[in-house]
Amino acid sequence: MKLGYYPGCSLLGSSREYGESFCAIAPRLGLELQEVPDWNCCGASAAHNLNRELSLALPARVLGLAERAGFAEVVAPCSACYSRLAVANHELQDETLRRRISEIAEVEYRGTVRIVNVLEVLARFASDSLARKVVEPFKHRVACYYGCYLVRPPKITKFDRPEDPQSMDELMKVIGAEPIDWAFKTECCGAGFSVSRTDLVAKLSGKILNDAVRRGAEAIIVACPMCQVNLDLRRDAITGYLGREHTIPVLYISQAIGLALGVDEQSLGLHRHIVPVALSQNTTAEPVPVEPVSSGREDA
Amino acid sequence: MSRIGVFVCHCGENIAGTVDCAEVARASGELPGVVVSMDYKYMCSDPGQGLIKQAIKEKRLTGVVVAACSPRMHEPTFRRACAEAGLNPFLCEMANLREHCSWVHEKGETTTQKAIDLVRVIVEKVKRNQPLYPIKVPVTKTALVLGGGVAGIQAALDIANAGHKVVLVEREPSIGGHMAQLSETFPTLDCSQCILTPRMVEAAQHPNITLYTYSELESLEGFIGNFKARIRKKARSVDEKLCNGCGVCTQKCPTRKIPSEFNAALGMRTAIYVPFPQAVPNKPVIDREHCTFFTKGKCRICEKFCQAKAIRFDQQDEIIEIPVGAVVAATGYDIKHTDFFPEYGYGKYKDVIDGLQFERLASASGPTLGAMKRPSDGKEPETVVFIACAGSRDPAKGIEYCSKICCMYTAKHAMLYKHKVHHGKAYVFYMDIRAGGKMYEEFVRRAIEEDGVNYVRGRVSRIYEEDGKLVVKGADTLLGARPIEIKADMVVLATAVVASPGAEHLAQKIKVGYDRYCFLSESHPKLRPVETNTAGIMVAGACQAPKDIPESVAQASAAAAKVCGLFAQDELSREPVVAVVNRCAPPVYSTCVGCFLCEQACPYQAIEREEIKTRDGRLIKTVAKVNAGVCQGCGTCVALCRSKSIDLQGFTNEQVYAELLAL
């Protein structure tokens, strides 16, 4: 199965291991990834706050190039890229707007490409090739953390249940993991403040981390570079906020699947994590007693 | 030679805003056969009708075209006016300049031109109209009331008290509906059962009411005044005549763990059961899905203990056919259950309950006998959060309407909780408080001011469990959208009111319209609120839209009044828009060749076979004949007839072709 591939900046920079691990597992599942030729920035974080036309023209150029290259579907592993491309694609279904934006982007787009996220792509292989190719079952209790972008806004993403998504949990079950039932699957990690208000990131991500640990998770599984960076890279600030240290690692779904498929750790980029990925061998640990964070009416 | 009058209505600005009505009238006047044409601001008003009547008399009109709105509302109005002026009402037709033209086009010359075209088409039709005479049909003075909730009971009692027979059908084993489940009612806090149960008994004992519980409508055929209802009386597995309601069977039944529907799954019931002690009739039913005898083939304990020998394991469903003249649909509502809300735990938290479950908790006849005990561990909840608009007014949830009753019952719930747990804390998250109604606003103020319920304006984004508490995350939008978290012991969701399960199926069965939410459609939202577009079928209560008890009862009485009005007549007249098979002189008799394709095509079984015989009884030919009482005028037979022997009165082939050729 051939699929257009849009790595975006994250997968080449701060989240290289996401790109590496996804590219490592793809051929094993029978998935051929072809990079969208001459792709550009999706415009996330800045463009849509400043200039609507720019925020559409940037993804429109990518969509147009993908269309020209003959891709019916393009996978964007980064959630922010996925969101920008999917939202723009949705808005560009309006023909007048599409013509105008195509002119600005200097690439014609006819609106035929579909943007998919990693979970959507992997789910297609879940019951068949993935299940068959697991060599080392990932026998760990995991907290599947989806973040905000993958399932929202539901009108545009049309993917999974927006309040309590299941697709990642299902994939984890296929590779032998035990997903925990928890309430923070789609809570905000604070990515919007990851530069300007790191104290808020520590608070929001800290609550997520704490709940996962409290409910006995051994690893948090994510499908978004911002979530991973906030939960992994900001661990010191989180420790400061919580007043206690958690050593739970934060893995990309492609890394967890890679481990189950027997891919070596180096190819999956596990050495790039800040919090070491040290998982006990095939055991299911008992939940550790941990104090909750929230208390009463939150006025502070 | 035709003498047609054309009357162009402005409909205020509805038509005149985009169509040049004076120009339409002028152009119509030049059409061949038109002898008079004029325009007027409101043709349906008294002076407007006066213009038509005057023209009929003065110009000796042979046909009238009213160019105005859709015929749905005002065709009867104008036909009546024509009849009053001595013209056969079926010589009057309407050209729809509003829905078909002015409302859907911009102002301009082409719009006016289209209006003129529409008038020309109808003028050509009217030239070929024949005088028709209404069909007289008798009225069966028995009403069928579907649903034995408060609306159905009220309608049945009103009709019965007016001296007419009523058949009351309820699908559950007892009448009473949701109202029987309620604890107290707003805004008076009088006990729901205390006011309802006497009505239930009255309905059951009324000499004019025949009650069929545990029964459902199987089919409804016929038309106003002459319906034929088939009712499926589901097998109770108990002989109702022998059973004396002693209740020993329900005490002895070993299958005791079935969630009780009446207690909203907060309590359990047995496989042979009476829904609640005050049920009417107080006769048990065997739930065959759960009964050990029906699932595993042995047990029969109830049979052994029944003194009256009333258990009938071999009882079959019974189909009862009843002729009725009118139908009142009062099939009620349901509420969304907590599993509809992923953000509130998908129904997995036992202490997140819905409004009906809270009613059962607060009710003296409920599983806790009215004591405030939360479902998970039976502890008294110290902090309770009530969430209004759970699902309602939420396009993302697919329910855009306001459920109407939640603001009031949430205030009532919070109040009842505070009355039972004085030191407890009650929070209500709300969007707006909609308390329109007599003494309603005062009731909500009382909850806030006298009972100290904390009203927080904001939505709850998530509920999750932590250390035995339910963490309710929300925002207080009156305090700068500040996020708040409340650790609650119990959460009550005022979940959206939705159509009763099977409402869509029922609507199709009785051929009544319904909206996208499966609420049954009234004929006109303001002027015909209890009738439906199917003559002889009324709606009452929450099957039409979410409504509270006073409104349901008012609508039920209104529906009953409509039924009584219908039953006040001995004969009804029906529009003669029916199919007719032609007849001609011997030796042809009819061009019908007797293929009877029409018989197969007719959805109403209106085609009969008529034998044409000589005087000495020799059969000449068998031809089709339309039963005018049954025919609904759909025209399917006309389209199918190979020898063009059938025509639809009022819409003959000649008329329709004339319309097309005039375009």
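Any read-out appearing in this document is the output of simple, stated calculations on the displayed coordinates, not a laboratory observation. Model, not experiment: these values are computed from the prediction. Here the Cβ is made from the backbone with ideal geometry for all residues, glycine too, and neighbour counts use every protein chain on show.
What angle do you read, to the nearest 10 degrees and between 0 and 90, between the alpha-carbon axis of helix B:71-84 and the longest principal axis of chain B? Once rounded, one gets 50 degrees. The phi-based Karplus calculation (6.51 cos²θ - 1.76 cosθ + 1.60; θ = phi - 60°) puts the 3J(HN,Hα) values of the stretch A:31-41 at 10, 9, 8, 10, 5, 5, x, 6, 5, 10, 4 Hz, whole numbers, x for Gly and Pro. Remark on B:T142: its backbone amide H falls under 5 Å from those of B:G325, B:A326, a criterion applied only to residues 5 or more positions apart or on other chains, H modelled at 1.01 Å from N. For chain A, the relative contact order comes to 20 percent (Cα pairs under 8 Å, sequence separation of at least 6).
Amide H contacts of B:V64 (H built 1.01 Å from N, in plane; Pro and chain starts excluded): B:G5, B:C92, B:E93 sit under 5 Å, all sequence-distant by 5 or more or on other chains. Relative contact order, whole percent, for the stretch B:4-126 stands at 33, derived from Cα pairs under 8 Å and 6 or more residues apart. Here's the picture: charge each Lys and Arg Cβ at +1 and each Asp and Glu Cβ at -1 in the stretch B:579-661, and of B:L660, B:C631, B:A585 the one pushed furthest to the positive end of that dipole is B:A585. For B:K309 and B:K252, the difference between the fully extended length at 0.36 nm per residue and the C-alpha to C-alpha distance is 19.0 nm. Per residue, the convex hull around the alpha carbon atoms of chain B comes to 214 Å³. Shown is the FRET efficiency for B:C584 and B:V201, computed with R0 = 60 Å from the Cβ-Cβ distance and rounded to the nearest 0.05: 0.45.
Our analysis of chain A gives Rg over Rh at 0.98, with the two radii drawn from alpha carbon positions and Rh computed by the Kirkwood formula. Applying a DSSP loop filter and a limit of 15 other Cβ atoms within 10 Å to the trypsin sites (Lys or Arg not before Pro) in the stretch B:513-566 leaves B:R516, B:K526. How far is helix B:192-205 tilted off the main Cα axis of chain B, in degrees rounded to 10, range 0 to 90? Tilt relative to chain B: about 50 degrees.
Note the angle between two axes, namely the Cα long axis of helix B:406-420 and the longest principal axis of the Cα atoms of chain B, as a number of degrees from 0 to 90, rounded to the nearest 10. On a 0 to 90 degree scale, this one is about 20. Taking every C-alpha pair closer than 8 Å and separated by at least 6 residues, the mean separation divided by the residue count of the stretch B:317-373 gives a relative contact order of 15 percent.
Per residue of B:477-487, other chain Cβ atoms within 10 Å of the residue Cβ number 2 on average.
Within the same chain, aspartates and glutamates fewer than 8 places from B:K241 are excluded, and of the rest, those with a Cα less than 18 Å from its Cα are B:E303, B:D314, B:D317, B:E318. With a Förster radius of 60 Å, plug the Cβ-Cβ distance of A:E265 and B:E380 into 1/(1 + (r/R0)^6) and report the FRET value to the nearest 0.05. The computed FRET efficiency comes out at 0.65.
For the residues of B:467-473, the average number of beta carbons from a partner chain within 10 Å of their own beta carbon is 2.
The phi-based Karplus calculation (6.51 cos²θ - 1.76 cosθ + 1.60; θ = phi - 60°) puts the 3J(HN,Hα) values of the stretch A:99-112 at 4, 5, 5, 4, 4, 5, 6, 6, 9, 6, 10, 9, x, 9 Hz, whole numbers, x for Gly and Pro. Express in whole angstrom the spacing between the alpha-carbon centres of the stretch A:109-164 and the stretch B:433-505. The two parts, judged by their Cα centres, are 34 Å apart. Our note on the geometry: Cα centres of the stretch B:134-166 and the stretch B:1-64, 42 Å apart. Loop-located trypsin sites (Lys or Arg not before Pro) in the stretch B:1-105 (DSSP state not H, G, I, E or B) with no more than 12 neighbouring Cβ atoms inside 10 Å: B:R60. Can you grab the distance from the C-alpha centre of the stretch A:38-101 to the C-alpha centre of the stretch B:206-261, Å, no decimals? One Cα centre to the other: 61 Å. Alpha-carbon geometry of the protein assembly as shown: the Rg and the Dmax are 35.5, 111 Å, given in that order.
I need the calculated FRET efficiency for the pair B:R288 and B:Y604, taking r as the beta carbon distance and R₀ as 45 Å, to the nearest 0.05. Once the sixth-power term is evaluated, E becomes 0.80. Loop-located trypsin sites (Lys or Arg not before Pro) across the stretch A:213-265 with a Cβ neighbour count of 14 or fewer within 10 Å are A:R244, with loop assigned by DSSP.
Site pair B:D451 and A:A46 shows an inter-label distance of 5.6 nm when each label is modelled 7 Å from Cα along Cα→Cβ.
Past 28 Å, Cα to Cα, is the threshold; run B:K336/B:K412; B:K350/B:K420; B:K348/B:K425; A:K158/B:K257; B:K350/B:K404 against it and keep the listed order.
A:K158/B:K257
In order along the stretch B:289-298, the phi-based Karplus estimate (6.51 cos²θ - 1.76 cosθ + 1.60, θ = phi - 60°) of 3J(HN,Hα) comes to 5, 10, 4, 4, 5, 6, 8, 10, x, 9 Hz; Gly and Pro are listed as x.
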